[in-house]
Amino acid sequence: MAVVLPEVFAQIPRYPLLYNHSSPIHSLPRTSQRATGTSPRLALFAKREDQSSPLACAGNKYRKLEYIIPDILSASPQHHDHEHAETPTPSPGAATTLVTEGAVQSNHTVQVSALARQLGLNALVLLQKGTGAGFRTARDPDAFLRSGNVQMNRMLGAEVRILDEGDPLSRDARPVLEELRARGQRPYWIPGGASMHALGGLGYARAAMEIAVQEKELRLGGSGRFDYVFVACGSGSTVGGLVAGFKLYEKMRTSSSSTASSSSTTAAATAAPPRQIIGVLNSPTNPKPYHETRVLTFARRAGALIGLDPETDLGAEDVRLDDRFVGTGYGVLDVEAREALETMARTEGMILDPVYTAKVARGMLHWVQQGEVVADARRNGNHSDEVNVLFIHTGGQAALGAYADVV
């Protein structure tokens, strides 16, 4: 089935970076089997965003970038300047250089570098030693600075600048943009994770619509859809986009079912409680309320663009984040997350990444094994005989090379 978007959403320009088919969803049979004996039965699945694009190190950022590219390529980009710019500088023409930032082992920077190659542009990435604790806790700091995603960026031809902890450019990279302009280039700034970009949430709003189509194709039991969706929450717009996209889908479905002839399937779907999008936080740097506010902001920003009323259609109750699995620091593969990473490799043959999806897997397994999914489903009025759980694999395995001393 094709992903059908409402007109206001479909009209937003998008430059495809993904395959012309949906990223696959497959069952996690052994993990599901371990959950047998519960009532209701739990069926676990994974959506493979790490298999979504032919470009290097496929992952969730390519979805976000698809909606940013039309602005990058336009004759007068509107969203090219730094988020701290008080009065955005008018661009005299299409971008020549993509500039972005991230932690030393940032997945996002690699995908921006690969995008630059695809578009025939230059790329400059700022890798920050002080973002998180990955670099500080590395057993071999020199190897950490040259392997994994750092190596990928360099292979892709990006100019890599590694910033020491406390470097002012880590907080405000505008001097880098000014430097490039002085050299005759036209830089296009993409904030870390693309979340602060005005269009950053659209990719995962579309992903929600894609998942809804795949639910029909999979012929799921129980409610016929994924009741729980576990996904990493870092910079926040992946979760925010999903929240907005699923809210739009439910609004469309409710509207269509009210005018269509009633059937038992439609009635059951209409009666089902909302999907629960569980964002698993991967950093203890900021408290959960900070992230909740941020995710809601991103959801409302995306919602306003795709046809929702951001104030009445989206509220704080739509954002569910879990901060119990953040570990000791961003980018630190603690014992529990490492065990989850190894468990998924050895039970499902699926390789995760050490920064995001290992912690999401840890969280999901906890929810499943401790009975929290079942208890929460019942509290939310889900009385199906089967509860469907989706784990979104956002990619990032290339970073494992930098963690070879611990995993």
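The values are calculated or read from the model by the stated rules, or taken from the named source; none is laboratory data. Quick caveat: nothing in here was measured; it's all calculated off a predicted structure. In this analysis, Cβ positions are derived from the backbone assuming ideal geometry, glycine residues included, and neighbour counts consider all displayed protein chains.
Only a single criterion out of (1) crowded, with 18+ Cβ neighbours inside 10 Å; (2) on the phi < 0 side of the Ramachandran plot is not satisfied by residue 327, namely (2). Here the condition is being part of a strand (DSSP E or B) and either without any contact (Cβ under 8 Å) to a residue 60 or more places away in the chain or out of contact with any strand residue (DSSP E or B) (no Cβ under 9 Å at 6 or more places or on another chain) (or both); of 21, 26, 84, it holds for 26 alone. Only residues that are buried (at least 23 other Cβ atoms within 10 Å of the Cβ) and modelled with pLDDT under 95 were counted in segment 334-347, giving 0. Restricting attention to segment 146-160, does a residue exist that is more than 22 Å from residue 286 (Cβ to Cβ), touching a helix residue (DSSP H, G or I) at 6+ places or on another chain (Cβ under 8 Å) and assigned to a strand (DSSP E or B)? Within segment 146-160 (the criterion being more than 22 Å from residue 286 (Cβ to Cβ), touching a helix residue (DSSP H, G or I) at 6+ places or on another chain (Cβ under 8 Å) and assigned to a strand (DSSP E or B)), the answer is yes, since at least one residue qualifies. Taken together, the residues in segment 100-121 that are touching a Gly at 6+ places or on another chain (Cβ under 9 Å), hydrophobic (A, V, I, L, M, F, W, C) and either under 11 Å from residue 59 (Cβ atoms) or not assigned by TED's automatic domain parsing to the domain that holds residue 81 (or both) amount to 1.
Conditions (1) closer than 22 Å to residue 5 by Cα; (2) crowded, with 24+ Cβ neighbours inside 10 Å; (3) in contact (Cβ under 8 Å) with a residue 60 or more places away in the chain; (4) not hydroxyl-bearing (Ser, Thr, Tyr), marked per residue:
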| position | (1), (2), (3), (4) |
| --- | --- |
| 173 | no, yes, yes, yes |
| 182 | no, no, no, yes |
| 198 | yes, no, yes, yes |
| 204 | yes, yes, yes, no |
| 223 | no, no, yes, no |
| 226 | yes, yes, yes, yes |
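The set of residues in segment 302-318 that are within 18 Å of the chain's Cα centre (by Cα) and surrounded by fewer than 22 Cβ atoms within 10 Å (Cβ to Cβ) contains only 318.
Can you tell me which residues in segment 35-50 are closer than 17 Å to residue 203 by Cβ and either assigned to a strand (DSSP E or B) or at pLDDT below 95 (or both)? Outline the logic, then answer.
Let us first name the residues in segment 35-50 that are closer than 17 Å to residue 203 by Cβ, namely 47-50.
Selection gives 47, 48.
If only one of 27, 22, 32 is surrounded by fewer than 22 Cβ atoms within 10 Å (Cβ to Cβ) and either of a type in the set (D, E, K, R) or modelled with pLDDT under 95 (or both), which one is it?
Details: 27 fails: either of a type in the set (D, E, K, R) or modelled with pLDDT under 95 (or both); 22 fails: either of a type in the set (D, E, K, R) or modelled with pLDDT under 95 (or both).
Among 27, 22, 32, only 32 is surrounded by fewer than 22 Cβ atoms within 10 Å (Cβ to Cβ) and either of a type in the set (D, E, K, R) or modelled with pLDDT under 95 (or both).
Name the residue that is nearest to residue 396 (Cα to Cα), counting only residues in segment 147-185 that are among the basic types (Lys, Arg) and more than 25 Å from the chain's Cα centre (by Cα).
Start the filter on segment 147-185 by keeping residues that are among the basic types (Lys, Arg), which leaves 154, 161, 171, 174, 181, 183.
In the following step, the residues that additionally are more than 25 Å from the chain's Cα centre (by Cα) were identified as 174, 181, 183.
Working: 174: 28, 181: 32, 183: 33 Å.
Filtering segment 147-185 for residues that are among the basic types (Lys, Arg) and more than 25 Å from the chain's Cα centre (by Cα), the one nearest to residue 396 (Cα to Cα) comes out as 174.
In segment 82-126, of all residues being modelled with pLDDT under 95 and acidic (Asp, Glu), the one that is nearest to residue 191 (Cα to Cα) corresponds to 83. What about residue 398, is it farther than 20 Å from residue 30 by Cβ, assigned by TED's automatic domain parsing to the domain that holds residue 46, in a helix (DSSP H, G or I) and not hydroxyl-bearing (Ser, Thr, Tyr)? Spelling it out, residue 398 is indeed farther than 20 Å from residue 30 by Cβ, assigned by TED's automatic domain parsing to the domain that holds residue 46, in a helix (DSSP H, G or I) and not hydroxyl-bearing (Ser, Thr, Tyr).
Among the residues of segment 319-353, those identified as small (Gly, Ala, Ser) and either assigned by TED's automatic domain parsing to the domain that holds residue 131 or over 17 Å from the mean Cα position of the chain (by Cα) (or both) are 327, 329, 337, 340, 345, 349. Of the residues contained in segment 361-370, none is found to be in contact (Cβ under 8 Å) with a residue 60 or more places away in the chain, in contact with a strand residue (DSSP E or B) (Cβ under 8 Å, 6 or more places away or on another chain) and outside any helix (DSSP H, G or I).
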